[in-house]
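Shown next, in structure tokens, is the structure this report addresses.
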Amino acid sequence: MQAPKAIIIGSGIAGMSTAIRLAVQGFEVSVFEANAYPGGKLSVFEKDGFRFDAGPSLFTQPQNIEELFALAQEPIEEYFQYESVEVACRYFFENGKSVTAYTDIQKYATELQTQLNEKPESLQRYLTAAANLYQRIGIIFLDFSLHKFGTWFHQRIFRALGTVRFSYLFQSMNAHNRKQFKSAEAVQIFNRYATYNGSNPYKAPGMLSVIPHLEQNQGTFYPTGGMISITNALYQLALKKGVQFIFNTKVTSIQEKNGRMEGVMAQDQFYPAPIVVSNADVYFTYQHLLNNASKAKQLLKLERSSSALIFYWGIRHTFQQLGLHNILFGRQYEAEFKHLFETHTLIDDPTVYINITSKLEAAHAPDGHENWFVMINAPANKGQDWQGLRTAARKSIIEKINRMLGVDLESMIVSESIMDPVMIEQQTGSFMGSLYGTSSNNVFAAFLRPANFTSQIKGLYFCGGTVHPGGGIPLCMKSAAITAQLIQSDNIHLFK
Ligand SMILES: Cc1cc2nc3c(=O)[nH]c(=O)nc-3n(C[C@H](O)[C@H](O)[C@H](O)COP(=O)(O)OP(=O)(O)OC[C@H]3O[C@@H](n4cnc5c(N)ncnc54)[C@H](O)[C@@H]3O)c2cc1C
């Protein structure tokens, strides 16, 4: 019997993970990718002797990748290596305080006590609660489709929801954190985790306090070779499992007949398949590939997550006080989020994130230099004057770094590339340049995020950061697992 065909639209991290899982299930899998390279947002470039990961820089939950290799019965060590890092992040405040967030919890608790006068028990209590929350409820939300009747009646969901404290569901993350820590700086550090899925800690529910569990309890990691090694490993694994990649080929429509999947159109050619998985932004999938304007309009009601403005700077200097991940906090954190989500612009003193992989791999920058990935959160694109915003942001970021690190940064910048929300949309097909699909700025966000399937068209599925369970590498990989599981249980007949 010939293997049934499955087509994946997009080779983002979720698209490739789904492709591998379906190949293991026995499908003949083809991945259509608009770009010339795999990985979507997880790409790399080199300029003037510096090497930069273009998108994600923080790697957590390597077990998702381990699981994929185990499933494919391939030795991960031949494709992918990673190490745990001792410091999750170095935080700097304008009042001169600084905090090193060690991944060793005892050490971190002592640091918070020394620098911010926080009781060591506060951190321990917070992280234990986050771990419990993850065990009780996170796992269920992240490992199952919330939109299948069966899951809802999964006993664990009822049990878990019943045990969640009121404050996690109905208080903002900021309100929750203010009860846990007494210093404004510690609250700001823990509020920051809302940005890991592009949300506002003053609106998003306390439930998001589960995120530090991933970074602090489970650990922070660095893939040898940089984040692009994740893309490369999944791409090689997919090839090994027989997945075919068709690059530089944009799918222009998804074809269905009488509510059943027929295939896709790309470059004026029809490619038949009973199973199609879209890893493209779900809004674009409905609007352009399915021509379903009313569903697309409905999706527009969901608030988009934030985007980013990134400066990739080659720096002629080495900074002893900086590590792999660094944050220079803005002075008006709440106002910063109002700018992002209410007035859709940038504050003049933004929180600045600096990622420097040459701290771990010297070859990523010439001798005596560092490769700086400098990112600030930006509003999703609504047609703002990005040229003007980029110029203003560059000035305020450099002034901030000069002020806080006591340098003249401009004179040290020897290479520069810039990415803004419009470019993110152009390069990765993310609607409005949002990094994480929809935001989690309300209690019901997890339930409102689009499903991994549609009951309107049998054989059509969705994976990636714009659908359940959400954006970020770990969640995208979980969306692939959920989608592949749904495909397996829905389509046993294809293998008979
Ligand atoms: C600047 C930045 C920083 C980030 N930082 C982090 C971080 O530190 N940690 C973290 O975990 N996450 C981070 N993220 C988020 C993370 O990168 C994303 O959630 C994740 O990579 C999204 O993967 P995806 O599978 O949804 O697909 P995407 O990466 O969005 O890729 C989708 C692919 O589909 C292709 N495509 C779209 N339409 C079509 C079509 N019609 N035909 C063919 N191909 C099509 C696109 O070309 C693209 O390659 C960051 C993102 C960005 C941009």
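Just the residues that are exposed (fewer than 14 other Cβ atoms within 10 Å of the Cβ), free of Cβ contacts under 8 Å to residues at least 40 places away in the same chain and assigned to a helix (DSSP H, G or I), please, taken from the stretch 375-404.
Residues satisfying the conditions are Gln387, Gly388, Thr391, Lys395, Asn402.
Can you name every residue in the stretch 114-143 that is surrounded by 15 or more Cβ atoms within 10 Å (Cβ to Cβ) and farther than 30 Å from Asn452 by Cα?
Gln115, Leu116, Glu118, Pro120, Ser122, Leu123, Tyr126, Leu127, listed by residue number.
Please specify each residue of the stretch 68-120 satisfying the condition of being more than 23 Å from the chain's Cα centre (by Cα), over 30 Å from Gln236 (Cβ atoms) and among the hydrophobic types (A, V, I, L, M, F, W, C).
Result: Phe92, Phe93, Val99, Ile105, Ala109, Leu112, Leu116.
List every residue pair whose Cβ atoms sit under 8 Å apart, with the two residues 6 or more apart in sequence or on different chains, where the first one lies in the stretch 1-24 and is modelled with pLDDT under 95 and the second, anywhere, is assigned to a helix (DSSP H, G or I).
Met1/Phe495
Tell me, which residue of the stretch 405-422 that is in a helix (DSSP H, G or I) and away from the ligand (no atom under 16 Å from the Cβ) is farthest from the chain's Cα centre (by Cα)?
Only one residue fits best here, namely Ser411.
Report the residue count in the stretch 456-468 for those that are within 11 Å of the ligand (Cβ to nearest atom) and either over 12 Å from Val282 (Cβ atoms) or outside any loop (DSSP other than H, G, I, E, B) (or both).
In the first step, residues of the stretch 456-468 are kept if they are within 11 Å of the ligand (Cβ to nearest atom); the result is 462-467.
Cutting the leftovers down to either over 12 Å from Val282 (Cβ atoms) or outside any loop (DSSP other than H, G, I, E, B) (or both) gives us 462.
Total meeting the criteria: 1.
In this structure, is Asp367 closer than 26 Å to Phe45 by Cα, part of a loop (DSSP other than H, G, I, E, B) and away from the ligand (no atom under 16 Å from the Cβ)?
yes
Go through Ala446, Ala484 for me and flag whichever is modelled with pLDDT of 95 or more, small (Gly, Ala, Ser) and either touching a strand residue (DSSP E or B) at 6+ places or on another chain (Cβ under 9 Å) or within 16 Å of Phe141 (Cβ to Cβ) (or both).
When all the criteria are applied, what remains is Ala484.
Out of the residues in the stretch 423-455 that are away from the ligand (no atom under 14 Å from the Cβ) and of a type in the set (A, V, I, L, M), state the one that is nearest to Ala204 (Cα to Cα).
By that ranking, first place goes to Val443.
What's the number of the condition Val31 fails, among (1) closer than 17 Å to Cys463 by Cβ; (2) among the β-branched types (Val, Ile, Thr); (3) away from the ligand (no atom under 13 Å from the Cβ)?
All conditions are met except number (3).
The values are calculated or read from the model by the stated rules, or taken from the named source; none is laboratory data. Only a predicted model underlies this, so the values are computations on that prediction, with no experimental measurement involved. Quick reminder, even Gly has a Cβ in these numbers, built from the backbone with ideal geometry, and neighbours come from all protein chains shown.
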